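The values are calculated or read from the model by the stated rules, or taken from the named source; none is laboratory data. It should be emphasised that the depicted structure is a prediction, and the values quoted were computed from it without experimental measurement. Methodologically, a virtual Cβ is constructed for each residue, glycine included, from the backbone with ideal geometry; neighbour enumeration extends over all protein chains shown. When the accessible area is computed, the model is the full protein with side chains, heavy atoms only, and any ligands, DNA or RNA have been set aside. Shrake-Rupley method; radii C 1.70, N 1.55, O 1.52, S 1.80 Å.
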Amino acid sequence: MQLMSEKGAAGGGLRERKKRATRAALAEAAVRLAAEHGAEKVTVEAISAAAGVSVRTFFNYFESRDDAFVVVDADAGARMRRAVLEAPAGLSPLEALRGAMAAELAEAEQQHQLWRLYAEVLHASPHLLARGVGAHMAAEADLADAIAERLRRVGDPHSTGPASGPGSGLYPRLLAAVAGAAVRTSMDHWSAHQEEAAFLDVFHEVFALLAAGLPAPSA
């Protein structure tokens, strides 16, 4: 899931920051209204009013009402792709991807309630859930493309194979999918054990296990 964070909204010029903040406010208003009333009962007018903007402004950011529920932060994918490509050449693809994701998830603990509401809204509405799954798959494919491009650019010595060849297309796809599963696992575990560790500590522990090849825990 991609939620707008204060960190994400802080980049760029003043105009860009205002645009990101408005998009984030509309998405959050949509999710909170849907969690309270049910997505099918929430109108564009209600979302706009809750965010303090006009209906016309709403359609400057989203093509339809449902987009506000699903596309929570359309810029997050672009930021992660850029971070993967700009990471130091000495980092493995997994390390580059971990860093990109950690930057986006830096405020996950503060966003936790909204994440939970978002999940509830999607699971309560089959057509929104389907759109959410589609958006997730598209984001995963974009990350895989970034990983593949990184391998082509730097010829990463940490990869399990050459930057070109029969397995080169499979590796980026698998890494993007596994990383997505690692984020979900981190969030699920942290949600159930919030008093034991900070979210980013759990996140980095999960990625350390991946980097080690998922060794079986000692008895």
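Take the Cα of residue 127, go 7 Å toward its beta carbon, and the backbone nitrogen atoms of segment 39-58 under 20 Å from that spot belong to 39-48.
Sequence-ordered 3J(HN,Hα) estimates for segment 36-47 from the Karplus curve with 6.51, -1.76 and 1.60 and θ = phi - 60° stand at 7, 10, x, 4, 5, 9, 8, 9, 4, 4, 5, 4 Hz, glycine and proline given as x.
Each residue of segment 96-109 was assigned a 3J(HN,Hα) from its phi angle through the Karplus curve 6.51 cos²θ - 1.76 cosθ + 1.60 (θ = phi - 60°); the sequence is 5, 5, 4, x, 5, 6, 4, 5, 6, 9, 4, 10, 4, 5 Hz, with glycine and proline shown as x.
The string of couplings for segment 194-201 from the Karplus curve (6.51, -1.76, 1.60, θ = phi - 60°) is 4, 7, 8, 6, 6, 4, 5, 5 Hz, one whole number per residue in order, with x for Gly and Pro.
Positive-end ranking of 35, 48, 119 along the dipole of segment 15-126, with charges on Cβ about the Cα centre, is headed by 48.
Its residues counted as N, the chain yields a C-alpha radius of gyration over 2.2 N^0.38 Å of 1.09. Across the protein chains, with a 1.4 Å probe defining accessible surface, the residues 75, 66 rank 75, 66 from largest area downward.
May I ask for the net charge around residue 202, where only other residues with Cβ less than 14 Å from the Cβ of residue 202 are counted and Lys, Arg are +1 while Asp, Glu are -1?
Charge balance near residue 202 sits at -4.
Per residue, the chain exposes 54 Å² of solvent-accessible protein surface, assessed with a 1.4 angstrom probe and all protein chains in place. Straightening the chain between residue 142 and residue 173 buys 10.2 nm, computed as 0.36 nm per residue apart minus the Cα-Cα spacing. Solvent-accessible surface (1.4 Å probe) assigned to residue 43 amounts to roughly 60 Å².
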